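Have a look at the structure below, then the notes.
The values are calculated or read from the model by the stated rules, or taken from the named source; none is laboratory data. Just so it is clear, the model here is predicted, and its values are computed rather than measured. Note that we place each Cβ from the backbone using ideal geometry, even for glycine, and neighbour counts take in every protein chain shown. Each accessible area value is taken on the protein alone, full model and side chains, heavy atoms only, with ligands, DNA and RNA left out. Shrake-Rupley method; radii C 1.70, N 1.55, O 1.52, S 1.80 Å.
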Amino acid sequence: MPVKIRLQRHGKKGKPFYWIVAADARSKRDGKYLEKLGIYNPNTNPATIELNVDGAVTWLQNGAQPTDTAKAILSYKGALLKNHLAGGVRKGALTEEQAEAKFNAWVEEKTAKVTSKEDTLAKAQADAKAKALEAEKAVNDARTAAAAEAEAEAKAAEEAANAETAEETSNEEE
């Protein structure tokens with residue numbers, strides 16, 4: 001029974017949401033699976049990925065073949081690196097502690113990169129929001145000034161009309 005690590009689609013039309021599963025290669029895309037390894041949500045920026053790395057490594061060591069997309073996700077989360085390091089431990093090139101230290105160092109570096117990207121995106125969003133707020137304030141100030149100017153013109157016209165009426169009344173009295 002050939003096993004594949006692949007994505008199983010969920011979510012509504014236009015809003016995909018995937019489960020990362022180990023499934024028999026002969027089963028349907030959204031059909032039966034052997035084990036759910038995690039989730040992948042491409043709708044967020046950056047994409048949300050939750051993965052049971054140890055479970056994925058176990059399936060990889062047992063011969064499961066990841067699809068191209070699943071392989072990219074496993075690589076992104078470090079499952080392929082952990083599998084590679086486990087192979088080095090089995091061969092005697094590394095000790096368990098050295099492999100764990102290398103993996104943890106890689107995870108910290110990757111987390112720092114992701115956090116940096118999230119901070120950059122949040123800052124860009126805040127800057128865009130501030131710029132939009134400034135533009136809206138400028139439009140509101142211009143609108144308020146125009147309304148005040150129109151009101152002043154209306155008062156001036158009204159006073160002029162009152163003055164004309166007063167002149168006409170005084171002319172009629174004479």
In the range 1-24, anything open to solvent by less than 60 Å² (accessible area, probe 1.4 Å) and under 17 Å from Leu74 (Cβ atoms) is listed as Val3, Ile5, Arg6, Leu7, Gln8, Tyr18, Ile20, Val21, Ala22, Ala23
Scanning the range 74-86 for residues that are out of contact with any Lys or Arg (no Cβ under 9 Å at 6 or more places or on another chain) and open to solvent by less than 10 Å² (accessible area, probe 1.4 Å), the one nearest to Thr48 (Cα to Cα) turns out to be Leu74
Within the range 87-118, residues being farther than 27 Å from Ala47 by Cβ and open to solvent by 70 Å² or more (accessible area, probe 1.4 Å) number 6
Over the range 28-67, the set of residues surrounded by 17 or more Cβ atoms within 10 Å (Cβ to Cβ), out of contact with any strand residue (DSSP E or B) (no Cβ under 9 Å at 6 or more places or on another chain) and part of a loop (DSSP other than H, G, I, E, B) is none
Filtering the range 2-27 down to residues that are in a strand (DSSP E or B) and without any contact (Cβ under 8 Å) to a residue 60 or more places away in the chain yields Gln8, Arg9, His10, Phe17, Tyr18, Trp19, Ile20, Val21, Ala22, Ala23, Asp24
Evaluate the range 119-131: report whether one residue or more is touching a Gly at 6+ places or on another chain (Cβ under 9 Å) and either in contact (Cβ under 8 Å) with a residue 12 or more places away in the chain or open to solvent by less than 90 Å² (accessible area, probe 1.4 Å) (or both). no
Worksheet item: Does the range 12-31 include one or more residues that are among the β-branched types (Val, Ile, Thr), more than 28 Å from Val89 (Cβ to Cβ) and modelled with pLDDT of 95 or more?
Response: no
The one condition Trp106 fails out of (1) assigned to a strand (DSSP E or B); (2) aromatic (Phe, Trp, Tyr); (3) more than 24 Å from Arg6 (Cβ to Cβ) is (1)
